[in-house]
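The structure appears below as structure tokens.
The values are calculated or read from the model by the stated rules, or taken from the named source; none is laboratory data. Only a predicted model underlies this, so the values are computations on that prediction, with no experimental measurement involved. Glycine gets a Cβ as well: all are built from the backbone with ideal geometry, and neighbour counts include every protein chain shown. Accessible surface is based on the protein model in full, side chains and every heavy atom, while ligands, DNA and RNA are left aside. Shrake-Rupley method; radii C 1.70, N 1.55, O 1.52, S 1.80 Å.
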Amino acid sequence: MRYPCAAALLATLVLAWSPAATAQREAASLGPARRDAASLGPAPRGDDGRFTNPGGPLAHGGIRVQLPFFLRRVAGAFRSRPGAPEAVPNDGAFLRENARHSTPTVTWIGHATLLVQMDHVSFLTDPTWSDTASPVSFAGPRRYVPPGVALEDLPPIDFVVVSHNHYDHLDVATLRALAQRDPHTRFLVPLGNGDLLRRNGIDDVGELDWGESEEIAGVRVHCLPARHWSKRGLRDDNRALWSSWAVVGPTRSFYHAGDTGWFDGFARIGEVFGGFDLAAVPIGAYEPVAMMHDAHLNPEEAVRAVLALGARRSVGMHFGTFDLTDEPLDEPPRRFRAAAAPEGLAPDSAWVLRIGETRPF
Ligand code: ZN
Ligand code: ZN
């Protein structure tokens, strides 16, 4: 068994989901700087139809690493750990007002969940409001800090992007709540994930392969490569695709790296898009290294990714919110800042937000 993303720990408790229906794809209409975006796909697949990574299979560590890790995770469910991120109150009033004026902003809700407002759209990345990142609500990696903005305080959400089906990124309860809250919200997922949403009553779904894009409310949303994997059930490893996402509007561009290990795709993505105004990069979930390294960035690699992407500003995410892996909860931001400074990335460009904090970009 393989557990590089700890939110998949309890995945063995549930049945495998069936492969998703064929994607309905829209041909990308590409602006001049993004003419080559289609060349970033399609995602590679093996003979058995499962998705693979361009750089070859991921190493997951042997049983001697995995078993003690699993036992530490189970034990961790019964005790708290120090070092959770600071939080600031955010009642959403500015964000709801800003939905009309659209000062470009990013708000950290927690983990990989960001609310971004730019070019008169409001969208969410990997929205997760649940108390545990798990198939069951009573067990699994639990949330240390409440979501930075209450779901009911959000502005109207134009669209949602989901990077992959691990429980800390694809939270069905939250997606269902968002769909019920606003029938105009569109949900974009990588190939093979749409069926799970539709079975949960979410119909306005777009399934994209790497290199494909959709235009929504005047911005273009691109599904792009990442180096990761997927699993929700017993036998569904890599049946559904994983991805990163770029959102490009008339005045701003934003990149969400999803969950990923280091790969040379960052430089290619940076080249095709001519850099980004803001890139959200995962900086946590890197220990034990033998299990985590291929599928997650450590803070130093996250800084390398920011440079390769040509991102003018960056924000660290995917740390401190859920108790997923072995490193201390407050180590990722410290190492991210320490690695960014010598690269000329001052704290005002390589950001670590407080949960609930809104910052213009
Ligand atoms: Zn993952
Ligand atoms: Zn994750």
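Numerical summary
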item	result
Protein accessible area in the stretch 110-263, 1.4 Å probe - carbon and sulfur %	49
Accessible surface, the stretch 7-360, averaged per residue in Å² (probe 1.4 Å)	38
For the stretch 203-347, size of Cβ-based charge dipole, Lys and Arg +1, Asp and Glu -1, in debye	380
Gyration tensor verdict on the stretch 263-361 (Cα atoms; rounded if a/c is under 1.5, prolate if a/b is larger than b/c, oblate otherwise)	oblate
Neighbour net charge for His184 - beta-carbon separation under 9 angstrom, K R +1, D E -1	-2
³J(HN,Hα), Karplus 6.51/-1.76/1.60, whole Hz, each residue of the stretch 274-279, x for Gly, Pro	x, x, 9, 5, 8, 10
Relative contact order %, the stretch 7-360, counting alpha carbon pairs below 8 Å whose residues are six or more apart	23
Student exercise, the chain dipole from Lys, Arg, Asp, Glu Cβ charges, in Debye to nearest 20	500
Positive-pole candidate from Ile216, Pro155, Ala341, dipole of the stretch 7-360, charges at beta carbon	Ala341
Trypsin sites (Lys or Arg not before Pro) restricted to the stretch 61-94 and DSSP loop, no more than 13 other C-beta within 10 Å	Arg79
Calculated [θ] (222 nm, deg cm²/dmol) that DSSP helices of n ≥ 4 give over the chain, each run adding -39,500 (n - 2.57)	-5500 deg cm²/dmol
Signed unit charges on C-beta, dipole axis of the chain, positive-most listed residue Val247, Thr105, Pro57	Pro57
Shape call, the chain: gyration tensor on alpha carbons, a/c limit 1.5	rounded
Only Lys, Arg (+1) and Asp, Glu (-1) charged, at Cβ; the stretch 75-223 dipole about Cα centre in debye	540
Length-normalised contact order of the stretch 227-361 in % [C-alpha pairs under 8 Å, at least 6 apart]	21
Vicinal HN-Hα couplings computed from phi for the stretch 86-96 (Karplus, 6.51 cos²θ - 1.76 cosθ + 1.60; Hz; Gly/Pro x)	5, 10, 10, x, 9, 8, x, 4, 4, 5, 5
DSSP bridge pairs, the stretch 7-360: antiparallel proportion in percent, nearest 5	60
